[in-house]
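Chemist: I have a structure I would like to understand better, so I am pasting it below and will then ask my questions one at a time.
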Amino acid sequence: RMMSPASVMKLLTSHAALDLRGPAYTWKTRAWLAGELIDGRLAGDVLILGSGDPDLSWDRLGQWLRDWRSRGLREIRGDILVDRRLIPTGPQAPFDDAPHRAYNARPDAFLVNFGALAVRLTPENGKVAAVASLPVSPLRIINRLRAVEGACVTWRDGLRGSFQPEGRGFVLTLDGKLPTSCGEKSYNLAVHDS
């Protein structure tokens, strides 16, 4: 009978990746300076070629930028251009009715932090403070979360997050309830454009 393959699909994609790339393959995100670097100032652009690296976390990206600095790049008087053409983006249906759950992140050639935004949630006094773990600009958070009594078992199921574009940034609307017994939690949400 017909059934949804669900997570069994990971076996097929893993087999294909191992067959095509081998077990020692690593992704390499590359960058070039398009201009002259004089006294730490780049008169030109930085070009980044996305490779689909699935492990480009905020920490690793920060280390990469610190490496540029240690090599003498202090100021960019141009743009940072990211080539993401390796993995074409387009409409993608989520696996379920929770399109902003982190597991519904879209594939991307320059996938930063798994395509997710981490929001730190702290329940206290009937309210839940919500702050983006890293500064994201421009981001506005509409927080409708409530702190409630109860066990902290399936706390994510009581939360909903949705993104809407706003100018050059976006608005994150948070709805639901978080048990006070959970304490501080990190809530990861998939964004439309990593």
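The values are calculated or read from the model by the stated rules, or taken from the named source; none is laboratory data. Everything quoted here is computed from the prediction, not taken from an experiment. Note that we place each Cβ from the backbone using ideal geometry, even for glycine, and neighbour counts take in every protein chain shown. These accessible areas exclude ligands, DNA and RNA; they are computed on the full protein's heavy atoms, side chains included. Shrake-Rupley method; radii C 1.70, N 1.55, O 1.52, S 1.80 Å.
Chemist: Could you look through the range 72-129, keep only residues that are among the aliphatic types (A, V, I, L, M), closer than 30 Å to GLY40 by Cα and touching an Asp or Glu at 6+ places or on another chain (Cβ under 8 Å), and pick out the one that is least open to solvent (accessible area, probe 1.4 Å)? Before the answer, list the steps.
Modeler: Taking the range 72-129 first, the residues among the aliphatic types (A, V, I, L, M) are 73, 76, 80-82, 86-87, 93, 98, 102, 105, 109, 111-112, 116-119, 121, 128-129.
Pick out the ones that are also closer than 30 Å to GLY40 by Cα and you get 73, 76, 80-82, 109, 111-112.
Checking which are touching an Asp or Glu at 6+ places or on another chain (Cβ under 8 Å) leaves us with 76, 80-81, 109, 111.
Details: ILE76: 56, ILE80: 99, LEU81: 76, ALA109: 2, LEU111: 26 Å².
Once the filter is applied, the top-ranked residue is ALA109.
Chemist: Suppose we filter the range 84-124 for residues that are assigned to a strand (DSSP E or B), closer than 19 Å to TRP58 by Cβ and of a type in the set (Val, Ile, Thr); how many remain?
Modeler: Within the range 84-124, residues that are assigned to a strand (DSSP E or B), closer than 19 Å to TRP58 by Cβ and of a type in the set (Val, Ile, Thr) number 1.
Chemist: To continue, here is another question. Scan (1) more than 29 Å from VAL171 (Cβ to Cβ); (2) of a type in the set (Phe, Trp, Tyr); (3) open to solvent by 100 Å² or more (accessible area, probe 1.4 Å) for the single condition TRP68 breaks and write down its number.
Modeler: The single condition TRP68 does not satisfy is (3).
Chemist: Of all residues in the range 90-111, how many are aliphatic (A, V, I, L, M), closer than 12 Å to HIS192 by Cα and in contact (Cβ under 8 Å) with a residue 24 or more places away in the chain?
Modeler: Initial filter on the range 90-111 (aliphatic (A, V, I, L, M)): 93, 98, 102, 105, 109, 111.
Cutting the leftovers down to closer than 12 Å to HIS192 by Cα gives us 93, 102, 105, 111.
Adding the requirement that they be in contact (Cβ under 8 Å) with a residue 24 or more places away in the chain leaves 102, 105, 111.
Number of matching residues: 3.
Chemist: Could you tell me which residue of the range 49-65 is nearest to TYR187 (Cα to Cα), considering only residues that are open to solvent by less than 60 Å² (accessible area, probe 1.4 Å) and in contact (Cβ under 8 Å) with a residue 40 or more places away in the chain? I'd like the intermediate steps shown before the answer.
Modeler: Let us first name the residues in the range 49-65 that are open to solvent by less than 60 Å² (accessible area, probe 1.4 Å), namely 50-54, 56-57, 61-62, 64.
Narrowing the set further to residues that are in contact (Cβ under 8 Å) with a residue 40 or more places away in the chain leaves 50-54, 56-57, 61.
On the way: GLY50: 26, SER51: 27, GLY52: 24, ASP53: 22, PRO54: 19, LEU56: 19, SER57: 16, LEU61: 21 Å.
That would be SER57.
Chemist: Being open to solvent by 50 Å² or more (accessible area, probe 1.4 Å) and on the phi < 0 side of the Ramachandran plot is the filter here; which residues of the range 158-168 pass it? It would help to see each step written out before you state the result.
Modeler: Let us first name the residues in the range 158-168 that are open to solvent by 50 Å² or more (accessible area, probe 1.4 Å), namely 160, 164-168.
The answer is ARG160, GLN164, PRO165, GLU166, ARG168.
Chemist: Within the range 35-48, is even one residue open to solvent by 80 Å² or more (accessible area, probe 1.4 Å), closer than 23 Å to TYR103 by Cα and either in a loop (DSSP other than H, G, I, E, B) or in contact with an Asp or Glu (Cβ under 8 Å, 6 or more places away or on another chain) (or both)?
Modeler: Filtering the range 35-48 down to residues open to solvent by 80 Å² or more (accessible area, probe 1.4 Å) leaves 36, 38-39, 41.
With closer than 23 Å to TYR103 by Cα added as a condition, the list becomes none.
No: the range 35-48 contains no residue that is open to solvent by 80 Å² or more (accessible area, probe 1.4 Å), closer than 23 Å to TYR103 by Cα and either in a loop (DSSP other than H, G, I, E, B) or in contact with an Asp or Glu (Cβ under 8 Å, 6 or more places away or on another chain) (or both).
Chemist: What's the total number of residues in the range 172-190 that are over 29 Å from ASP108 (Cα atoms) and charged (D, E, K, R)?
Modeler: Taking the range 172-190 as the starting set, the residues that turn out to be over 29 Å from ASP108 (Cα atoms) are 176-184.
Now drop any that are not charged (D, E, K, R), which leaves 177, 184.
Adding up the residues that qualify gives 2.
Chemist: Is it fair to say PHE170 is within 19 Å of ASP97 (Cα to Cα), in a strand (DSSP E or B) and either at pLDDT 95 or above or not β-branched (Val, Ile, Thr) (or both)? Steps first, answer last, please.
Modeler: On the way: within 19 Å of ASP97 (Cα to Cα): no; in a strand (DSSP E or B): yes; either at pLDDT 95 or above or not β-branched (Val, Ile, Thr) (or both): yes.
No; evaluated as a whole, the condition is false for this residue.
Chemist: Going by the structure shown, is VAL171 exposed (fewer than 14 other Cβ atoms within 10 Å of the Cβ), within 26 Å of GLY62 (Cα to Cα), within 16 Å of the chain's Cα centre (by Cα) and of a type in the set (Val, Ile, Thr)? Lay out the reasoning, then the answer.
Modeler: Values: exposed (fewer than 14 other Cβ atoms within 10 Å of the Cβ): no; within 26 Å of GLY62 (Cα to Cα): yes; within 16 Å of the chain's Cα centre (by Cα): yes; of a type in the set (Val, Ile, Thr): yes.
So VAL171 fails the test.
Chemist: Select from the range 1-34 the residues that are over 22 Å from SER51 (Cβ atoms), open to solvent by less than 80 Å² (accessible area, probe 1.4 Å) and either assigned to a strand (DSSP E or B) or aliphatic (A, V, I, L, M) (or both) and list them in ascending order.
Modeler: ALA6
Chemist: Are any residues in the range 134-148 more than 15 Å from ASN188 (Cα to Cα) and either outside any strand (DSSP E or B) or open to solvent by 100 Å² or more (accessible area, probe 1.4 Å) (or both), and if so, which ones?
Modeler: SER137, PRO138, ARG140, ARG144, ARG146
Chemist: Could you check the range 143-164 and list, in sequence order, the residues that are closer than 14 Å to HIS100 by Cβ and touching a residue at least 24 places away in the same chain (Cβ under 8 Å)?
Modeler: Passing the criteria: ARG156, LEU159, ARG160, GLY161, SER162, PHE163.
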